[in-house]
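The values are calculated or read from the model by the stated rules, or taken from the named source; none is laboratory data. Everything quoted here is computed from the prediction, not taken from an experiment. Positions of Cβ are generated from backbone atoms using ideal geometry, with glycine treated the same way; all protein chains shown enter the neighbour counts. Calculation scope for accessible area: heavy atoms of the full protein, side chains included, ligands and nucleic acids excluded. Shrake-Rupley method; radii C 1.70, N 1.55, O 1.52, S 1.80 Å.
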Protein chains: 2
Amino acid sequence: METTGTRTDTCAGPPQQNRRPDGQDRYTISEVVAFTGLTAHTLRWYERIGLMPHIDRSHTGQRRYTNRDLDWLDLVGKLRLTGMPVADMVRYAELVREGDHTYTERFELLQTTREDVLARIEELRGTLAVLDRKISFYADAGRALASERSR
Amino acid sequence: METTGTRTDTCAGPPQQNRRPDGQDRYTISEVVAFTGLTAHTLRWYERIGLMPHIDRSHTGQRRYTNRDLDWLDLVGKLRLTGMPVADMVRYAELVREGDHTYTERFELLQTTREDVLARIEELRGTLAVLDRKISFYADAGRALASERSR
DNA sequence: CGCTTGCTTGGAGCGCACTCCAAGGTTCTA
DNA sequence: TAGAACCTTGGAGTGCGCTCCAAGCAAGCG
């Protein structure tokens with residue numbers, strides 16, 4: 001049976017530790033599932049579309065992830081939260097693979113993303129203001145109804 | 001030809017005015033497209049899935065939106081920005097249609113949404129911190145490379 | 001009157017990000 | 001050494017939120 005989103009009982013949570021020290025960091029896919037909250041399907045899919053660096057294999061061909069891979073997945077998770085399309089993340093991954101001469105392009109991509117995140121936060125603040133107005137309206141209406149009932 | 005996302009040249013922008021005063025507020029679908037930035041397809045689809053209140057029709061059956069409808073679409077737009085699923089918005093619309101006795105339920109739904117938005121903002125802040133760290137890393141690397149080149 | 005533009009409908013299609021399946025090989029535990 | 005649990009692959013399927021299509025009616029204009 002495929003282990004799919006098993007015991008991530010509580011929600012996402014902060015970056016899980018329990019990592020092994022560098023040198024003994026050869027995690028199976030299901031360990032990475034436990035670390036990241038992603039499914040094994042998604043991890044393999046990320047690899048297929050070029051979102052992952054080359055992943056080590058055991059002598060029988062099973063994936064063995066490293067601490068570096070986990071770090072990368074942390075970053076991907078963060079970028080995902082910003083709403084960045086997977087295609088853009090793949091672009092970034094390609095730049096990383098291409099080597100040092102892509103530093104400026106990566107820099108620009110990150111800065112654009114940063115601006116997007118700031119804009120998103122502002123949008124959400126605007127929405128929060130609207131929600132707060134509505135909520136206080138309903139709170140007032142609720143109080144009015146309650147005093148109506150108690151009369 | 002279907003008018004689809006015509007002259008919303010600049011980006012979303014603040015809530016457009018140019019509304020007509022209440023009483024003469026009978027907008028065609030293409031006017032609402034101009035106001036909201038949504039497509040006519042999307043507006044009809046919103047109606048089909050129950051996300052809109054009943055929309056007035058002209059004597060020949062064409063939609064005539066009111067200022068109230070525009071207000072509702074503004075709210076929907078804000079909620080959409082929070083990532084709230086359309087199904088949840090439909091639920092909220094149903095509660096509104098069902099009348100006053102759903103006040104508490106609406107109140108709770110809005111409060112839950114408010115919490116979600118706050119959590120989203122916090123997530124984005126976390127991502128921003130990561131981005132800033134990476135950006136300053138690349139900025140340093142860029143400077144190092146520049147001084148390398150100038151030697 | 002014809003022409004263009006806009007609006008109507010139900011239903012089909014699309015892009016994204018997964019999500020799952022089938023069939024088979026591997027690894028761990030008792 | 002049996003059996004359960006886990007891993008592999010390519011490709012197909014899913015759910016969401018639109019997005020578009022075809023065929024037809026309606027309104028304004030020269």
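Here are some notes:
- Between A:Asp56 and A:Asp140, the simple label model (points 7 Å from Cα in the Cβ direction) yields a spacing of 6.4 nm.
- Stokes-Einstein, applied to the Kirkwood radius of the protein assembly as shown over Cα pairs at a viscosity of 0.890 mPa s and 25 °C, places its translational diffusion at 105 µm² s⁻¹.
- Gap separating the Cα centres of the range A:95-127 and the range A:39-88, nearest whole Å: 19
- Computed from protein heavy atoms with a 1.4 Å probe, the total accessible area buried between A and B is close to 3300 Å².
- Evaluated over the range A:8-132, the Cα radius of gyration and Dmax, each in Å: 16.8, 58
- Accessible surface, the range A:13-151, averaged per residue in Å² (probe 1.4 Å): 59
- Shielding score for B:116-125, defined as the mean number of other chain Cβ atoms within 10 Å: 5
- Structure-based [θ]222 nm, chain B - -39500 (n - 2.57) summed over DSSP H runs of at least 4, per residue, nearest 500: -20500 deg cm²/dmol
- Across the copies of the chain, B:Arg19 has label points (7 Å from Cα along Cα→Cβ) spaced 5.2 nm apart, shortest distance listed first.
- For the residues B:Ala93, B:Ala34, B:Ala139, a GNM of chain B with alpha-carbon springs under 10 Å puts the largest fluctuation on B:Ala139.
- Projected label distance in nm at A:Val86 and B:Asp74, using a 7 Å step from Cα toward the beta-carbon: 3.8
- Under the span-like rule (Cα at least 15 Å along the axis, Kyte-Doolittle mean at least -0.5), DSSP H helices of chain B: B:67-81, B:86-98, B:103-149
- Of all accessible heavy-atom area on the protein assembly as shown, the percent that carbon and sulfur account for (1.4 Å): 52
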